[in-house]
Each structure stands twice: as C-alpha cells, then as structure tokens.
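Everything on this sheet refers to the single structure shown next.
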Amino acid sequence: MKLSILWAILYAMLIIGLSSIPGRSFPDIKYLSQDKLIHIGEYLIFGILVGQAIAFRVTARSRIFLFTLLLAGAFGALDEVYQTLIPGRDNSYADWIADLLGVIAGSSLFLMWRYYRDQAAAD
C-alpha cells in the first residue's frame, strides 16, 4: 500500500475518533465561527492527504480534484450522520459545508503544490 493512502486512512480514523468524543467532553467554543474554522482546518488537511492518495493512481488534476471532493465530501457527510449516534453531539449541514470548504482548499493547495513541483522539475 502506498504510504500516502495509509496517511489518509490514519487521518480518517483520527477524525472518527474525535467525532466519537461525547459533546460534553469538548471545551465550550465561544463563537460559532470558531467551530467552523476547526472544521475547515480539519478537512483542509484531509483534502491534502486524500488528494495525494488519489494522485497515486490518477494523473489528471481535474479528476484528482473531483475524486477528492467526492470521497472526502462523502466522508464528511457520513461523519456528520455518525455524530448523531454520540451523546451530546448532533449533525449540522453548516458543519458539512465547512468540511467541504476545507476539502476544496486542501485539494487546491495540494494541486497547486504539485503543479509548481512539476514545473520546477521540467526546468
């Protein structure tokens, strides 16, 4: 198994682990926007890792972006549904949208890095 796939799987397990913590165990977040920034940051990293794992098999940047968005976005949606099973937690469309924004940002950063790396190698 390619190492990039392993990192994406391990990070997905970390997300599930964090989602499994009962809601009352988390420190209070004063502002709603802080919660959304945490979701964006969490899924930005996930978008980078999933994009890198997908790039192991897929070379076209548009397909890497699309597959990353579909896979990580579906994972985020399933994670939101999973949270309804955890005491003190609930699901939120706004959280899922923040997850998607993070995936978009992460996969975009990965693809920009890959583009500039390839350009530098070509020179």
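The values are calculated or read from the model by the stated rules, or taken from the named source; none is laboratory data. Computed from a predicted model, the values in this text were never measured in an experiment. In this analysis, Cβ positions are derived from the backbone assuming ideal geometry, glycine residues included, and neighbour counts consider all displayed protein chains.
Results, tabulated for the structure shown:
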read-out	value
Any chance ALA98 is assigned to a helix (DSSP H, G or I), at pLDDT 95 or above, hydrophobic (A, V, I, L, M, F, W, C) and crowded, with 18+ Cβ neighbours inside 10 Å	yes
Unique residue being at pLDDT 95 or above and of a type outside the set (A, V, I, L, M) when the list is SER92, SER33, SER107	SER107
Only one of ALA53, ALA105, ALA60 that is out of contact with any Phe, Trp or Tyr (no Cβ under 9 Å at 6 or more places or on another chain), closer than 25 Å to LYS2 by Cα and aliphatic (A, V, I, L, M)	ALA60
Hits in region 36-72 - residues which are assigned to a loop (DSSP other than H, G, I, E, B) and either surrounded by fewer than 20 Cβ atoms within 10 Å (Cβ to Cβ) or at pLDDT below 90 (or both)	PHE56, ARG57, VAL58, THR59, ALA60
Subset of region 41-66 (residues that are in contact with a helix residue (DSSP H, G or I) (Cβ under 7 Å, 6 or more places away or on another chain), hydrophobic (A, V, I, L, M, F, W, C) and farther than 16 Å from ALA12 by Cα)	ALA55, PHE56, VAL58, ILE64, PHE65
